[in-house]
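The values are calculated or read from the model by the stated rules, or taken from the named source; none is laboratory data. The structure displayed is predicted, hence computed values, not measured ones. Counting neighbours? That spans all protein chains shown, and the Cβs are built from the backbone with ideal geometry, glycine included. Protein only, heavy atoms only, side chains kept; ligands, DNA and RNA dropped before computing areas. Shrake-Rupley method; radii C 1.70, N 1.55, O 1.52, S 1.80 Å.
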Amino acid sequence: MRGGRFIAIVLVAGGCWRDDLAEIPPDVLRFQPEVEAPMGWLLLPIEFELSCPDGTRDRTYLLYPAGASPDEPMPAAILFHSGAWDFVFAPDPQAPLEGTHFADPSRLSSEWANRQLFVTLGMYPEQAPSEVHTGQLPAALIEAGLAVMLPANCWGDLWASRRGVAQNDFSADFFYREGRSAAEWSHRMLIDPAFAATLGVELPIAVDPDQVYGIGLGEGSRALMELLAIDNDGDGIGDHSLAGAIVDSPFDDLRVYLSDPVLYQAQVQGLQRIFPSGSAATTSGSLWGAGLLPERLVYVYSSLDTVLPNSINTAALEVLSDHRAALVIDTEEEAHVLLNADDAELTLSAVEHMLGSR
């Protein structure tokens, strides 16, 4: 299912499955979140040439206004979903996805990843008991006039891996992970129609490359920093930039896990799969170790997070103390992933700060 030409021949289907576990159809769908949202926005599926560990194709979605003109560039955001961390403790080389997983349910299939996108959109039942998603965040973004790209991560790699460049430990996983590839391709596809064409994609909108923002929820927060750290030509200048960013409940300083392999035995085993070269490799996906940060930056966390140790934020908060344009919010809630639930005021304040309108 590729590009703008596809829209003309497909019936736009409805699409809210909050009360059941229906299969998500690979069609253009209406955006119908749990919360109130602007009408007339569509979800276009785009299939990437990236294979998930279960052998299926990865899919991303573009949320855009039905009446948009491809000749009038509009601002956009990339929204990276939470939950993308998983591995099999003792995989069989012949059936590497069988066995006991770190995460329940398994995060290593396109089915899980597609469902997680629609959880994030507020259109599908929760998959993680620690999180609440109503679609409040994407609704706020489109209310502000932004198209939204939603990549799916079926590799459970904290958005860190790219085959041959930042490669996972294949000898332990028996499959390759590609989360960083999905993050990078999504950004390039938004800002470069020629690159999109190489993927067989023609977007139904034009995007202003100077008005592209990034938002990461939970594990998805690392996708933003991985994206900003990419320097494929080695000139010391990042290949990607963002006009502003939001990180929500970030998995930021992974050294907290690695420094205590007794307390965090399972987490350390998983991190060794994703970062086989050691602790230093975790820096590129962290805010605390980032080089140049977007000027308009929002860091939302809870010192009472039900999933993360509070010390995972310490190094990032120290860096942000010198970032004059950063908005740092500690909600002090016993919750994880905070901006996509039911606090519209909190979500709006984060979005407005990122956009520079507050």
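When segment 276-311 is filtered for residues that are more than 27 Å from Tyr176 (Cα to Cα), open to solvent by less than 40 Å² (accessible area, probe 1.4 Å) and not in a loop (DSSP other than H, G, I, E, B), the ones remaining, listed by number, are Leu297, Val298, Tyr299, Val300, Tyr301.
Checked against (1) surrounded by fewer than 24 Cβ atoms within 10 Å (Cβ to Cβ); (2) modelled with pLDDT of 95 or more, Pro125 passes all but condition (2). Cβ separations smaller than 6 Å between residues 6+ apart or across chains give the following pairs from segment 289-307 residues that are over 27 Å from Ser241 (Cα atoms) and of a type in the set (Val, Ile, Thr) to residues that are assigned to a loop (DSSP other than H, G, I, E, B) and open to solvent by 40 Å² or more (accessible area, probe 1.4 Å): Thr306/Ser130; Thr306/Glu334; Val307/Ser130. In summary, Glu47 fulfils each of the numbered conditions (1) within 20 Å of the chain's Cα centre (by Cα); (2) under 30 Å from Met354 (Cα atoms); (3) at pLDDT below 75 with the single exception of condition (3).
Filtering segment 241-275 to residues that are touching a helix residue (DSSP H, G or I) at 6+ places or on another chain (Cβ under 8 Å), farther than 17 Å from Ile312 by Cβ and surrounded by fewer than 20 Cβ atoms within 10 Å (Cβ to Cβ) leaves Ser241, Gln272. Residues of segment 67-87 that are modelled with pLDDT of 95 or more and part of a loop (DSSP other than H, G, I, E, B): Pro73, His81, Ser82, Gly83, Ala84, Asp86, Phe87.
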